[in-house]
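The values are calculated or read from the model by the stated rules, or taken from the named source; none is laboratory data. These numbers come from a predicted model, not from an experiment. In this analysis, Cβ positions are derived from the backbone assuming ideal geometry, glycine residues included, and neighbour counts consider all displayed protein chains.
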């Protein structure tokens with residue numbers, strides 16, 4: 001297997017991720033894989049799977065769309081959009097834009113996964129009450 005094949009498999013998995021297949025992280029990640037995003041920092045299959053299982057409980061119809069990927073040696077960067085609906089809010093499709101840095105192990109599994117996205121801009125500003133406060137604070141900071 002090549003690192004390009006690992007990246008292709010990873011992207012396919014992410015774009016087809018569902019509440020029924022989160023256990024497949026164990027096949028793609030090393031047992032002590034590191035995962036970090038704006039809300040989580042964990043190690044290991046079980047902790048990573050819990051994060052994505054929790055996502056499926058908190059939002060409706062979540063899906064990732066990867067628009068770009070770059071690979072150099074055993075490291076990759078992805079550009080993606082995360083599309084979802086808040087529970088009970090089917091009419092409004094939400095979108096978070098972000099990037100991912102991956103590092104593959106010599107065994108061709110993900111050993112490092114770091115997601116980068118701006119929680120304030122991409123999430124908090126879009127919430128009804130909190131969004132107004134965040135936009136106000138942003139205007140004050142820019143004066």
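Picking from residues in region 103-123 that are closer than 17 Å to residue 81 by Cβ and either buried (at least 18 other Cβ atoms within 10 Å of the Cβ) or under 14 Å from the mean Cα position of the chain (by Cα) (or both), the one that is modelled with the lowest pLDDT is 122.
Among the numbered conditions (1) touching a helix residue (DSSP H, G or I) at 6+ places or on another chain (Cβ under 7 Å); (2) modelled with pLDDT under 95; (3) surrounded by fewer than 16 Cβ atoms within 10 Å (Cβ to Cβ); (4) in a strand (DSSP E or B), the only one that residue 96 does not meet is (3).
Among the residues of region 63-85, the ones that are touching a strand residue (DSSP E or B) at 6+ places or on another chain (Cβ under 6 Å) and without any contact (Cβ under 8 Å) to a residue 40 or more places away in the chain come to 11 in all. The residue of region 32-41 that is farthest from residue 108 (Cα to Cα), among those that are touching a helix residue (DSSP H, G or I) at 6+ places or on another chain (Cβ under 7 Å) and crowded, with 17+ Cβ neighbours inside 10 Å, is 35. Restrict the check to region 44-58 and report whether at least one residue is in a strand (DSSP E or B) and crowded, with 16+ Cβ neighbours inside 10 Å. No, region 44-58 has no match at all. Across region 59-83, the number of residues qualifying as under 12 Å from the mean Cα position of the chain (by Cα) and buried (at least 17 other Cβ atoms within 10 Å of the Cβ) comes to 5.
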